[in-house]
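*Asks:* The structure follows.
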Amino acid sequence: MSSIRNDYKKMVFYQIWVRSFCDGNGDGIGDLYGVYDKLGYIKSLGVDAIWLCPVYPSPNADYGYDISDYKNIHPDFGTLDQFRKVLDKTHELGMKLIMDLVVNHTSDEHPWFLESRKGKDNPYSDYYIWRDKPNNWESLFEGKAWEYDETRGQYYLHIFSKKQPDLNMDNPRVREEVKSIMRFWLDMGVDGFREDVINFISKKEGLPDGIPFVPAVNGIFNYKDGPHIHEYLSEFRKVCEEYDCIQIGEGPLTTVKTALMYITGKHKSLDMMFSFDHMMADCLFTEYIHRPFSLKKLKHAFSKWQYSINGKGWNTLYLENHDHPRVISRYGSERFRRESGTMLAASYIFQQGTVFIYQGQEIGMTNIRLRDIEDYKDISSKTNFHKYHLKDTIEARLRRIHLSSRDSSRTPMQWSSARYAGFSSVRPWFNVNPNYKRVNVAKDEKDPNSILNFYRRCVALKKMSRTLTYGQYREFFPDSEQIYIYERTLGKQRWLIICSFAKHPVRVHFPREYAGKKNQLILCNYRETDKNDLCFRPYEARIYRFPAGDEKSQLTD
Ligand code: NOJ
């Protein structure tokens, strides 16, 4: 049995947002029966591990990120027994499985909160953050970060929705609860955690007012990376050290500097962190401010993380997850869906880091356009629609929601051209993207040049080559707004990844040290490519190998 702690650097993860992945019991909601049925498919991508978004009981104010029982499975998704079956089969197939650990907040329907709100002198009264007077912090989802509770006669803090009260991590009993949750799942055999907004769990003492910089996130610098964060995380780390498992942190506004603090050095308490910078090449915090996509910005973010983490820690690589709209609709082109979807794959998979692929990304799913805000499901889409763009017409506001909504990544997975995209036998809980007849797994399986098969090739190539896995990264021509070129090198081995982000043909030049050198074109997203003709077609991607002079040099090096 391989060890995730030893191997995570060369692993490829597949992220599942269960509600929209596959409905196995015919009620219109994705579930663990569906996940079980699709494990073979996931394995066929070359994937080594699965990240399962929250599957715990939840009233779904934030679709699973508001948990009402940490040690159970949401009845919509199945039972603990079914979870064990998924876990066992995942392991049998040689894959690992990590879960979401969401402990900055619970649901307001969690028994701890129901007790806590009863009064100031019960065992759970200090499990949450209660105050007589609120400060000026804003919640990230709906208005002020404080809600008055009539029963208790005090305000409670909620950085996200009102239905997600923040836990008081300063209370040692709460930290013991977290450890017990971790043990519960680790004892069952899970292989680690993706830790939700983990940089928010320690708040500045006294909860001082924030100085507004962007009103919507006012207070964030007083509740992120707080004074006890390392102390608390190191307690959780100790639990993980008893098992073979890994911890991946998610932290909004994480900078390279803070990420390094968490993943290296004396405070090391996480194995990797997700960066957000490269998700802001066309926006500020996805939902707030939109601007045209800038390749320079994207490349700058990619390279900043590559250069700064290299040799010290280890990067995560992703372009999509359940919190962002689909990447083809943002950084690529729906018109050149196949070309841009495959090019985008090459643009990130071959960087240094652990690769994450989000369900549907591998078949090039795109954003959904809904006609009415009521048709959107996500709380942040709804509140943004009502809050940020009030001066705009309804159509203009809907256009912005279409660009930014997290719902676009949460439409049912498109398995086939059958009714409901083969996701379910009955009407699904959420709209299927009407493009499912063109965009689906079954169709891509049959086409050797599909996005799906290109992902498979990229994954296989990355895993085969030591240089593409561990090599150094260097970017060329950072000022180009059309081309992204980076190299990966290890010893004498050299690879060059060239991606065109242009909708029209562009002439590319090899960096000076590569010009005229013997090369092999190992992968390209177009058929019939003359490796020496450097006129790149729209969204073309090529992966060249420049073999080391000696005869022993192998593709696998
Ligand atoms: C980050 C999660 O990825 C997101 O889906 C959720 O809404 C917030 N954290 C709050 O838990």
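The values are calculated or read from the model by the stated rules, or taken from the named source; none is laboratory data. This structure is a prediction, so every number in the text was calculated from the model and none was measured. Positions of Cβ are generated from backbone atoms using ideal geometry, with glycine treated the same way; all protein chains shown enter the neighbour counts. With ligands, DNA and RNA removed, areas are computed over all heavy atoms of the protein, side chains included. Shrake-Rupley method; radii C 1.70, N 1.55, O 1.52, S 1.80 Å.
*Asks:* For segment 472-546, what mean projected area does the convex hull of the alpha carbons give, in nm²?
*Replies:* That works out to 4.8 nm², a quarter of the Cα hull's surface.
*Asks:* Compute log10 of I(q)/I(0) for segment 352-434 with the Debye formula, placing one identical point scatterer on every Cα and leaving out solvent, at q = 0.17, 0.25, 0.26 Å⁻¹, to two decimals.
*Replies:* The Cα Debye sum returns log10 ratios of -0.74, -1.17, -1.22.
*Asks:* Something else: Average projected area of the Cα convex hull of the chain, in nm²?
*Replies:* With every direction weighted equally, the projected area is 25.4 nm².
*Asks:* If you plug each phi of segment 520-533 into the Karplus form 6.51 cos²θ - 1.76 cosθ + 1.60 with θ = phi - 60°, what whole-Hz ³J(HN,Hα) values come out, in order, with x for Gly and Pro?
*Replies:* Ordered by residue, 3J(HN,Hα) equals 10, 8, 8, 8, 8, 8, 10, 7, 6, 10, 8, 4, 8, 8 Hz.
*Asks:* Also: Among Thr366, Thr151, Thr383, what's the order by accessible area (1.4 angstrom probe), most exposed first?
*Replies:* In descending accessible area the options line up as Thr151, Thr383, Thr366.
*Asks:* Bin all alpha-carbon pair distances of segment 4-150 at 5 Å intervals from 0 and give each bin's fraction as a whole percent.
*Replies:* Here the calculated profile for segment 4-150 is 2, 9, 15, 18, 15, 12, 9, 9, 7, 3, 1, 0.
*Asks:* With a cap of 14 neighbouring Cβ atoms within 10 Å, and only residues DSSP puts in a loop, list the trypsin sites (Lys or Arg not before Pro) found in segment 105-139.
*Replies:* Lys118, Lys120
*Asks:* Which percent of the accessible heavy-atom area of the chain goes to carbon and sulfur, probe 1.4 angstrom?
*Replies:* 51
*Asks:* So, one more: Here are some pairs, Lys437/Lys531; Lys43/Lys299; Lys162/Lys312; Lys43/Lys503; Lys89/Lys257; Lys38/Lys437; which of them have Cα atoms lying more than 29 Å apart in this structure?
*Replies:* Beyond 29 Å between Cα atoms: Lys437/Lys531; Lys43/Lys299; Lys162/Lys312; Lys43/Lys503; Lys89/Lys257.
*Asks:* Using the Karplus curve 6.51 cos²θ - 1.76 cosθ + 1.60 with θ = phi - 60°, work out ³J(HN,Hα) for each residue of segment 479-493 in order, rounded to whole Hz, and write x for Gly and Pro.
*Replies:* So the J values, rounded to whole Hz, are 7, 5, 9, 10, 10, 10, 10, 9, 10, 10, 9, 8, x, 8, 6.
*Asks:* Write out the chymotrypsin sites (Phe, Trp or Tyr not before Pro) in segment 162-261 meeting two conditions: DSSP loop, and at most 13 other Cβ atoms within 10 Å of their Cβ.
*Replies:* Passing both the DSSP loop test and the Cβ count: Phe213.
*Asks:* Arranged from highest to lowest average of other beta-carbon atoms within 10 Å per residue, in what order do the peptides 302-315, 98-111 appear?
*Replies:* In decreasing order of mean packing, 302-315, 98-111 become 98-111, 302-315.
*Asks:* Could you list log10 I(q)/I(0) for segment 419-482 at q = 0.14, 0.24 Å⁻¹, which the Debye formula gives when each Cα is one point scatterer?
*Replies:* Log10 I(q)/I(0), no solvent term: -0.71, -0.99.
*Asks:* Something else: In segment 416-499, which GluC sites (Glu not before Pro) are in a loop and have at most 16 other Cβ atoms within 10 Å, using DSSP for the loop call?
*Replies:* Passing both the DSSP loop test and the Cβ count: Glu481.
*Asks:* In whole Å, what are the extents of segment 307-451 along the principal axes defined by its C-alpha atoms, from largest to smallest?
*Replies:* 48, 40, 26
*Asks:* Considering only DSSP beta bridges whose two residues both sit in the chain, what percent are antiparallel, to the nearest 5?
*Replies:* For the chain, the DSSP antiparallel bridge percentage is about 60.
*Asks:* Suppose each label sits 7 Å from its Cα in the direction of the beta carbon; what would the Lys10-Ile211 distance come out to in nanometres?
*Replies:* 4.9
*Asks:* Counting only Cα, what are the radius of gyration and maximum Cα-Cα distance Dmax of segment 235-332, in Å?
*Replies:* 14.9, 47
*Asks:* Once amide H atoms are placed 1.01 Å from N in the peptide plane, what residues at a sequence separation of 5 or more from Lys144, or on another chain, have their amide H within under 5 Å of its amide H?
*Replies:* Ser139
*Asks:* Let me cross-check Arg291: its accessible surface, 1.4 Å probe, with only protein heavy atoms counted, in Å² to the nearest 10?
*Replies:* So the heavy atoms of Arg291 present about 100 Å² to solvent.
*Asks:* What list of ³J(HN,Hα) values in whole Hz, one per residue of segment 425-437 in order, does the Karplus curve 6.51 cos²θ - 1.76 cosθ + 1.60 (θ = phi - 60°) give from phi, with Gly and Pro shown as x?
*Replies:* 8, 10, 4, x, 4, 9, 4, 7, 5, x, 7, 4, 5
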